[in-house]
2 protein chains.
Amino acid sequence: MRDVYVIGIGITSFTRLEYPLSEIAAYPAMMAMKDAGTRAIDHLYVANMGGGRINHQTGLASAVVDTLSLTPAGAETIENGPASGGSAVKTGYMAVASGLHDTVMVTGAERMREVNNLEATDFVATLTHPLAEHIYGVTLPSLAAMFTRLYMEKYGVTERHLAMVAVKNQNAALLNEFAHLQQKISIEGILDSPEAMTNNPYVAVARKVDRPLVKLAGVGQATDTHAVHEREDPTDLLAVRRAAAMAFERAGLVPADVDVAELHDAFTILEIVESEECGFFPKGEGHLALERGETALGGKLPINVSGGLKGRGHPVGATGVAQVYEIVHQLRGEAGERQVEGARVGFTCNFGGFGNNVVCLAFEREN
Amino acid sequence: MRDVYVIGIGITSFTRLEYPLSEIAAYPAMMAMKDAGTRAIDHLYVANMGGGRINHQTGLASAVVDTLSLTPAGAETIENGPASGGSAVKTGYMAVASGLHDTVMVTGAERMREVNNLEATDFVATLTHPLAEHIYGVTLPSLAAMFTRLYMEKYGVTERHLAMVAVKNQNAALLNEFAHLQQKISIEGILDSPEAMTNNPYVAVARKVDRPLVKLAGVGQATDTHAVHEREDPTDLLAVRRAAAMAFERAGLVPADVDVAELHDAFTILEIVESEECGFFPKGEGHLALERGETALGGKLPINVSGGLKGRGHPVGATGVAQVYEIVHQLRGEAGERQVEGARVGFTCNFGGFGNNVVCLAFEREN
């Protein structure tokens, strides 16, 4: 397999954009081409989950490739629920690693302003098991609530720990001009904080060029039972552990090498658990590392300095690509006030379903 | 890049199945694993266009990988409108060719029984350009009608030629037990023939094994302007020509090598035009080859002996995978009454949008 590099990135605000889904996906792609100094794109992957359901649009990749005037380059939409972004980047990696394409564009977008909060919850619930979960009214917040309660019982995680994740990430977003939530919060005030769904976009391009080189060093992906109640231990996020181990092994890296990570904090508990399952902290001790400040900017392993899903926003299909944007930004040393000093190895964890399809990516700066 | 082979295939009837979308996709995958004699699948790709829109289901690939008990194998849904199947097979090709995965499952499914004909037309229209076409009520049948009229004017194609395609393909379906339409038709009776949307599935698996070896020798894909009216000459299906040429070039083959082809006859005119753009006949002469019987079973280049989209059915996202099933079936010499004698080279053309994203695949029997 050929080596694969991220040579250009772009991002726009995570906010309620007026323009169509295809343009939301196209705009950061234009920025990424400018950043990379090339328009010679062989293939386009678009990460999106809700086009058909929410925006009455299919064939989105064909619309985006045309909007970017990149025809006749081939194009596909990659869907893997909230891990669509990670899956799209992984597919782009394959396209370049295989030698089939030289330069690939990956962009992610979601336009969720059409739906209200209740409809958004229903939309996201379409990724639950259709027969074992969805028909009984299971939603992602309800799955997360049950999961959180079990984890609190088992490992001594408290509501205060959950609030610490929220405060850390939402306040980190104050240093990220593209983040959706730009409002300082405190642990005390946290139970009232509104969490709105948003739309969004970003981009990554792959192949070697003559500039700060960020290598996509390892990709990992694993699935688990679709229905959460079928897992032997629902607090055991097996797919995260497997996907992370695979990414590290392929990259020839270990968790201790990581300088900065973007984890999938769709719910606060998930950042804590993923920080364990990815191998950064022992099982059941993620909340203790959080307490010690190790995962904050300036700590041993800053997690979600972008604001994470909590602060930056979580427009499902696009999130995984935004994680890659942040890591490349960090490894290039371009992150300004939220820069993790001397970061050379980065890691992303993009959590599909409720842990039924997880994509992890390991990045390394080469020069 | 490593060589890639199709080692197992499976298919179920194109009919109104009662079971859920995830099981429609899973069943032929089980057949393909049996056919291949292995369950060691590294990764799953599911071709689907309507899950979110029609079936209120996203994250379909995660559901299918679980239904097949293939976890922790990774899984993604690949969407490229009616060319989703071709795109999924091409992505599976990359996964194996890159060395990232050894054995990949590709399945395609659509469950369209939830919607009536009008809703199905609206659903398919979600792939048209959202601002330049869709909002003006453009549908695929209306695009095809305008295209057909132009082609008739320009190249002397008559209504009788169109009827000949329909008769050839629908009657060919009588030799395909899995085909949706099992009703003999005549050119005279053709204007009254009802054309119902259907659901469906099939499957392909890739990598070398010890049995009749069918190599996926070349993949090609090209896009064109999303809005049809923006093309310099709307009768020029540039993306088909480019995708076909790319597949042939990568395979080291030429159109004259092809013994059997599955073309995308979503509308009768398309089989005629694709038979030209793929290089089998000169531009504007496809209907003459059809008249001479060259594209019928027993002719020089049998096209759509499976019944094609017209006879077998066209459950959008699954069609491209069904095309691959038929070609592998033929190249193995297993097609029984509809076998093309001595077929060693096969070709598929899967037409996305109204020609805005086309995938062509070239197959070769090795032993």
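Taken about its Cα centre, region B:40-145 carries a charge dipole of roughly 100 debye when the Cβ of each Lys and Arg holds +1 and the Cβ of each Asp and Glu holds -1.
In terms of its Cα atoms, region A:1-57 spans 37, 25, 17 Å along the principal axes, sorted from long to short. Region B:86-106 and region A:90-158 have their alpha-carbon centroids 24 Å apart.
From least to most packed, judged by other beta carbons within 10 angstrom and beginning with the fewest, A:326, A:159 follow the order A:159, A:326. Dipole check for chain A: with +1 at the C-beta of Lys and Arg, -1 at the C-beta of Asp and Glu, and the Cα centre as origin, the magnitude is about 600 Debye. If you count Lys pairs in chain B whose Cα atoms are under 17 Å apart, skipping same-chain pairs closer than 8 places in sequence, the total is 8. Helical content alone sets the calculated 222 nm signal of chain B at -10500 deg cm²/dmol, taking -39,500 (n - 2.57) per DSSP H segment of four or more residues and averaging over every residue. Pairs of Cα atoms nearer than 8 Å and 6+ residues apart set the relative contact order; for chain B it is 26 percent.
Near the amide H of residue B:75, within less than 5 Å, lie the amide hydrogens of B:44, all on another chain or at least 5 residues away, with H placed in the peptide plane.
For A:30, A:1, the sequence from fewest to most other C-beta atoms within 10 Å is A:1, A:30. Would region B:1-108 count as rounded, prolate or oblate if I go by the C-alpha gyration tensor, calling it rounded below 1.5 in a/c and otherwise prolate when a/b exceeds b/c, oblate otherwise? Cα axes put region B:1-108 in the prolate bin. Between copies, the label points of residue B:137, set 7 Å from Cα on the Cα→Cβ line, lie 4.2 nm apart, reported in increasing order to one decimal in nanometres. Computing FRET efficiency as 1/(1 + (r/R0)^6) for residue B:256 and residue B:19, where r is the C-beta to C-beta distance and R0 is 45 Å, gives about 0.55.
Sorted shortest first, the separations between the residue B:250 label point and its copies elsewhere in the assembly read 1.9 nm; each point sits 7 Å from Cα along the Cα-to-Cβ line. Rounded to the nearest whole angstrom, the semi-axes of the ellipsoid equivalent to region A:254-341, taken from the Cα gyration tensor as √(5λ), stand at 19, 16, 11, largest first. Between the residues B:317, B:88, B:290, the greatest Cα displacement towards the positive end of the dipole of chain B, with unit charges on the Cβ of Lys, Arg, Asp and Glu, is found for B:88.
The alpha-carbon positions of region B:269-320 define a convex hull whose volume is 81 Å³ per residue.
Relative to its Kirkwood radius, the Cα radius of gyration of the protein assembly as shown gives an Rg/Rh of 0.98. From the label point of residue A:292, set 7 Å from Cα along Cα→Cβ, how far away are the matching label points in the other copies, in nm, ordered shortest to longest? Shortest to longest, the spacings are 8.0 nm.
Comparing A:46, A:161, A:225 along the charge dipole axis of chain A, the residue lying farthest to the positive side is A:46, per the Cβ-charge model. How large is the translational diffusion coefficient of chain A in µm² per second when you combine the Kirkwood radius over alpha carbon pairs with Stokes-Einstein at 4 °C and 1.567 mPa s? Using the Kirkwood radius from Cα pairs, D works out to 65 µm²/s. If you take the Cα centroid of region A:231-245 and the Cα centroid of region B:290-327, the two points sit 44 Å apart. Working from label points 7 Å from Cα in the Cα-to-Cβ sense, the residue A:158 to residue B:366 distance is 6.3 nm. State, to one decimal in nm², a quarter of the convex hull surface area for the C-alpha atoms of region B:83-163, i.e. the direction-averaged projected area. Directional mean of the projected Cα hull area for region B:83-163 stands at 9.1 nm². Close amide H contacts of residue A:357 (hydrogens built in the peptide plane, cut-off under 5 Å, sequence separation of 5 or more or a different chain): A:224, A:352. A dipole drawn for the protein assembly as shown from +1 and -1 charges on Cβ atoms has a positive end, and of A:140, A:272, B:278 the residue lying farthest that way is B:278.
Extending 7 Å from Cα along the Cβ direction at residue B:116 and again at residue B:142 yields two label points whose distance is 2.0 nm. Computed about the Cα centre, the dipole magnitude for the protein assembly as shown is approximately 800 debye when only Lys and Arg (+1) and Asp and Glu (-1) carry charge, each at its Cβ.
Counted by neighbouring Cβ atoms within 10 Å, the residues A:22, B:69 run from fewest to most as B:69, A:22.
How much length would be gained if the chain were fully extended between residue B:182 and residue B:292, taking 0.36 nm per residue of separation minus their Cα-Cα distance, in nm to one decimal?
Once the chain is fully extended between residue B:182 and residue B:292, it gains 37.1 nm.
Values quoted throughout were computed directly from the atomic coordinates according to the rules given, and no laboratory measurement underlies them. Keep in mind it's a predicted model, so treat the numbers as computed, not measured. Quick reminder, even Gly has a Cβ in these numbers, built from the backbone with ideal geometry, and neighbours come from all protein chains shown.
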